[in-house]
Structure formats: C-alpha cells, structure tokens
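The values are calculated or read from the model by the stated rules, or taken from the named source; none is laboratory data. Keep in mind that what you see is a predicted model, and the values were worked out from it rather than measured. Here the Cβ positions follow ideal geometry from the backbone for every residue, glycine too, while neighbour counts run over all protein chains shown.
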Amino acid sequence: ALPYDLAGARIVISAGGTREPLDPVRYLGNRSSGKQGFALARAAAQRGAHVTVVAGSTNEAGEPAGVDVVHIEDARELADEMTKRAADADAVIMAAAVADFRPITVNDTKIKKNDDGPAPIELTTNPDILRGLVQSRESGAIPSEVVIVGFAAETGDEHGGVLDHGREKLRRKGCDLLVVNAVGDGKAFGTEDNTGWLLAANGNETSLPYGSKTLMASRILDEVHALLPD
Ligand code: C5P
C-alpha cells in the first residue's frame, strides 16, 4: 500500500514542454512528453496531496483523477503561473522542459514565403523560472518554507559528467533538491524508464535505480516529504 504521508500538502508541479510562438500557427518546441511530471502528480495525489499540474505540451491524454491541471503555452506564461501558485504551496516541482530561448518578435500574421528565402529567427533568453522561484523565496515574496525541486537532464557517463554537472547546477539554481537524469543514448526523453540521482542541498546524494517514472516519482516524493516541515 502507498503511504498517505502527503495528506493535505499542496504541491504544484510543472510538466511537459513550452511552445514559444513565432506566428499564429508556428512555434519552437521540444520533445518533452510530460510523463515524469504527470507520474509525480498521480503519485502525490495518491499519497494525499492537493496537486496542481501546470502543463505545457505533453503526450498525456486526459487529466489524472484528483489532480487539477492548468494549461500553459510558453515559458513566460509558465513563469507567471508558477510564481503565483508557489505563494500558496508547500512544495513546487519544476519537471517541465522550459525553452531557454524564444523568438524576439511574434508575427501577428502567418510568416509568408518570399523569393529572398527565409528570414533568420532572432532569439532572446527566457527567464529561469526555477532560479526565479528560489530568489522569490529569498526575498520573501513566497514563504520561506516552500520546498523547491528542480530537474536536470545531463549527458555523460557514471565516471564523470552527469554527477559533477548536477552538483554544480544544484549550487547555481539554489533549489532544495535536484533530480538529475542521465540523458543521451535514448535515455529519459519520452521513454518509460528513467535513471539518475537525487541531490539535496543538505549534501544528501541518492542514486536512483533504473526503473519506471512512477518508481522515480515515489523516490522523489519520499525526499520532498522529508523536507516538508512537520
Ligand atoms: O539549466 P537547466 O535548463 O538545465 O535547468 C533545468 C531545470 O530548470 C528544470 O527544473 C527546468 O524546469 C528549470 N528551468 C526553468 N526555467 C528555464 C529553464 C529551465 O525553470 N528557463
């Protein structure tokens, strides 16, 4: 039986990919399936949490039982939703694949073909939502007790790369927990299974056995539970 240890905890989870518009019909997107975020949402709801998923593009059909789902399109909408909802949350989990860049201009009308060939797409940097949430907590804009969890998709092998990059990212982002996914060679993106490490700001490091995203979700939630105030 699942533990009912998250009863009443308010957990906000971002999932899926962002779509950065170019014109009314086109966008820049990514291959995130939303599977890990939705697996977290289902597992947290089963353990008694009040769960809101802020979802971008996903391969998920329908909405999990007992979970509120809010839909967003691009990174700035996601930033607004997460910042607003973090104020009333006990934990915030950034499982979404957020576009680092977006087109500088969004055409009001569909971009036309012309004889000069395509115009270059100029990009600008999106806000780092995870970093922003940590800064909001530092400034007091969101409560100091909110547990903040980030994800990192890193390439490399077990001898180096993945873990070192993860440790560096944990420090740079300032979140409480970083879920490090080993990616590349067909690992993690859009797959059923996942592997990696859980790195905590308190120095705890747990290696995650290769397994389903559901299993990964339950390990992540064990750590989130341990960080929640009694
Ligand atoms: O820096 P990197 O993209 O590898 O960090 C990944 C983590 O940061 C994920 O938790 C992702 O949801 C979050 N992120 C974000 N805003 C961005 C880019 C990534 O919150 N613009």
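Could you please find all residues in segment 129-157 being surrounded by 20 or more Cβ atoms within 10 Å (Cβ to Cβ) and small (Gly, Ala, Ser)? Residues satisfying the conditions are 150, 152.
Filtering segment 82-113 to residues that are free of Cβ contacts under 8 Å to residues at least 60 places away in the same chain, under 29 Å from residue 228 (Cα atoms) and within 16 Å of the ligand (Cβ to nearest atom) leaves 83, 84. Within segment 117-136, residues that are over 22 Å from residue 14 (Cβ atoms) reach partners that are more than 10 Å from the ligand (Cβ to nearest atom) and of a type in the set (S, T, N, Q) with beta carbons closer than 8 Å, at six or more positions or on different chains, in the pairs 122/105.
Each residue in segment 3-16 was checked for being of a type in the set (Gly, Ala, Ser) and either without any contact (Cβ under 8 Å) to a residue 40 or more places away in the chain or crowded, with 23+ Cβ neighbours inside 10 Å (or both), and 3 pass. With the requirement that a residue be among the polar types (S, T, N, Q) and part of a loop (DSSP other than H, G, I, E, B), what does segment 122-147 give you? Across segment 122-147, the qualifying residues are 126, 144. Within the set 65, 61, 119, 153, the sole residue that is within 11 Å of the ligand (Cβ to nearest atom), modelled with pLDDT under 95, small (Gly, Ala, Ser) and not in a helix (DSSP H, G or I) turns out to be 153. Working only within segment 112-139, note down all residues that are more than 30 Å from residue 85 (Cα to Cα) and in contact with a Ser or Thr (Cβ under 8 Å, 6 or more places away or on another chain). Within segment 112-139, just 122 meets the criteria.
In segment 108-128 there is no residue that is surrounded by 22 or more Cβ atoms within 10 Å (Cβ to Cβ) and not β-branched (Val, Ile, Thr). Taking the criterion of being of a type in the set (A, V, I, L, M), surrounded by 14 or more Cβ atoms within 10 Å (Cβ to Cβ) and either within 17 Å of the chain's Cα centre (by Cα) or not in a strand (DSSP E or B) (or both), the residues of segment 191-230 that qualify are 198, 199, 200, 201, 215, 216, 217, 220, 221, 224, 227, 228. In segment 33-56, is there at least one residue being hydroxyl-bearing (Ser, Thr, Tyr), in a loop (DSSP other than H, G, I, E, B), under 23 Å from residue 169 (Cβ atoms) and within 15 Å of the ligand (Cβ to nearest atom)? The answer is yes; a qualifying residue exists. Count of segment 122-146 residues, restricted to those that are of a type in the set (A, V, I, L, M) and either under 19 Å from residue 73 (Cα atoms) or within 13 Å of the ligand (Cβ to nearest atom) (or both), is 5.
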